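Comments concern the structure below.
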Amino acid sequence: MDGADHGPFARSLVPLITFEAMRCACDGLVDLDVSERAMAFDQAAHVIEDQAAVLDDAFEQWPPMVLEAYETAKKSWADHRQQFVWTMCWEGPGMLVMPPVDGVPASRSDAGAVAVMLPGTLAAPGAPIAWWSGREEPALARGVAGCRALPRLSALQVWRVFDNQGRAVEDRVHRIDVEEVPLAIPLLVPRLAGGHRLEPPSIDQAYPPADGGTIDGSVIPVRWEVPDEPR
């Protein structure tokens, strides 16, 4: 090799290999820890677009083979992204008064599912406040109260457990297939499911999860009971 530039087709070799590597790497995202998955998604997106910029420099119009490799890598990235349940947790400190989030669910599609805490709900540190799957939710992806969405395996529900006197005891995080928890109120309300947009119920100050008078101390403890989804 003399180190010379052998033309735009030679310069397309690295991007082609990279696109295929990114496509294959997406299959392994499920094996990573939750925080590592989010970083891997970000890194893969940057790598794909960086190599696309290399091709833009090499070609006025990409050859079909190169374009197909790029589109396949992008589609694999997007498909795997939508297979996860992107979940936002409030990290504290202190209780969060859940704010309204305009534009959720996003209007572009009725696919997938979305669940969000009702505005005014008091969210405890460590509890999920929203999730979406099978779609993109730009308003949530930008973050609520500084929370970042992480790709989890299971759709979750947060149950606020009360004692017989109506005092909040704890929040329990379960998969959504847990249908009922005694003396508890589910906090995550479906907004999109089965292709249908669901109107949230209206709440007032008497709604127990929004009533600070039900809480002893500064925060409610949160207990995760999801074996395959560590906190």
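When only residues in the range 28-47 that are among the hydrophobic types (A, V, I, L, M, F, W, C) and over 19 Å from LEU153 (Cβ atoms) count, which is surrounded by the fewest Cβ atoms within 10 Å (Cβ to Cβ)?
Per the criteria, the residue is ALA45.
For the range 108-149, give me each residue that is over 10 Å from the mean Cα position of the chain (by Cα) and of a type in the set (S, T, N, Q).
SER109, THR121
Does HIS174 count as within 30 Å of GLY28 (Cβ to Cβ) and surrounded by fewer than 22 Cβ atoms within 10 Å (Cβ to Cβ)?
Working: within 30 Å of GLY28 (Cβ to Cβ): yes; surrounded by fewer than 22 Cβ atoms within 10 Å (Cβ to Cβ): yes.
So HIS174 fits the description; yes.
Tell me, which residue of the range 125-140 that is surrounded by fewer than 24 Cβ atoms within 10 Å (Cβ to Cβ) and part of a loop (DSSP other than H, G, I, E, B) is modelled with the lowest pLDDT?
Result: GLU136.
Please specify each residue of the range 80-116 satisfying the condition of being more than 28 Å from TRP224 (Cβ to Cβ) and either of a type in the set (S, T, N, Q) or not assigned by TED's automatic domain parsing to the domain that holds GLY143 (or both).
SER107, SER109
Yes/no per residue for (1) in contact with a helix residue (DSSP H, G or I) (Cβ under 6 Å, 6 or more places away or on another chain); (2) of a type outside the set (Val, Ile, Thr); (3) in the same structural domain as ALA111 (by TED's automatic domain parsing); (4) touching a residue at least 24 places away in the same chain (Cβ under 8 Å):
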site: VAL161; (1), (2), (3), (4): no, no, yes, no
site: ASN164; (1), (2), (3), (4): no, yes, yes, no
site: VAL189; (1), (2), (3), (4): no, no, yes, yes
site: GLY195; (1), (2), (3), (4): no, yes, yes, yes
site: ILE220; (1), (2), (3), (4): no, no, yes, yes
site: GLU229; (1), (2), (3), (4): no, yes, no, yes
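Residues ALA206, ALA145: which one is surrounded by fewer than 16 Cβ atoms within 10 Å (Cβ to Cβ) and either within 30 Å of ASP33 (Cβ to Cβ) or in contact with a Leu (Cβ under 7 Å, 6 or more places away or on another chain) (or both)?
Only one candidate passes the filter, namely ALA145.
Mind telling me which of the residues ASP57, ASP2, ASP42 ends up being modelled with pLDDT under 85 and outside the structural domain of LEU150 (by TED's automatic domain parsing)?
ASP2
Testing ILE215 on (1) β-branched (Val, Ile, Thr); (2) within 25 Å of PRO93 (Cβ to Cβ); (3) touching a Phe, Trp or Tyr at 6+ places or on another chain (Cβ under 7 Å), one condition comes back false. Which one is that?
In the conditions (1) β-branched (Val, Ile, Thr); (2) within 25 Å of PRO93 (Cβ to Cβ); (3) touching a Phe, Trp or Tyr at 6+ places or on another chain (Cβ under 7 Å), ILE215 misses (3) alone.
Which one of these is modelled with pLDDT of 90 or more, of a type in the set (A, V, I, L, M, F, W, C) and on the phi > 0 side of the Ramachandran plot: LEU183, LEU192, LEU188? Break it down stepwise before answering.
Values: LEU192 fails: on the phi > 0 side of the Ramachandran plot; LEU188 fails: on the phi > 0 side of the Ramachandran plot.
The unique qualifying residue is LEU183.
Considering only residues that are assigned to a helix (DSSP H, G or I) and aromatic (Phe, Trp, Tyr), look in the range 41-86 and name the one that is nearest to ARG11 (Cα to Cα).
The residue in question is TYR70.
The values are calculated or read from the model by the stated rules, or taken from the named source; none is laboratory data. For clarity, every value in this text was computed on a predicted model and none was experimentally measured. Neighbour counts are summed over all protein chains in view; Cβ atoms, including those assigned to glycine, are modelled from backbone coordinates with ideal geometry.
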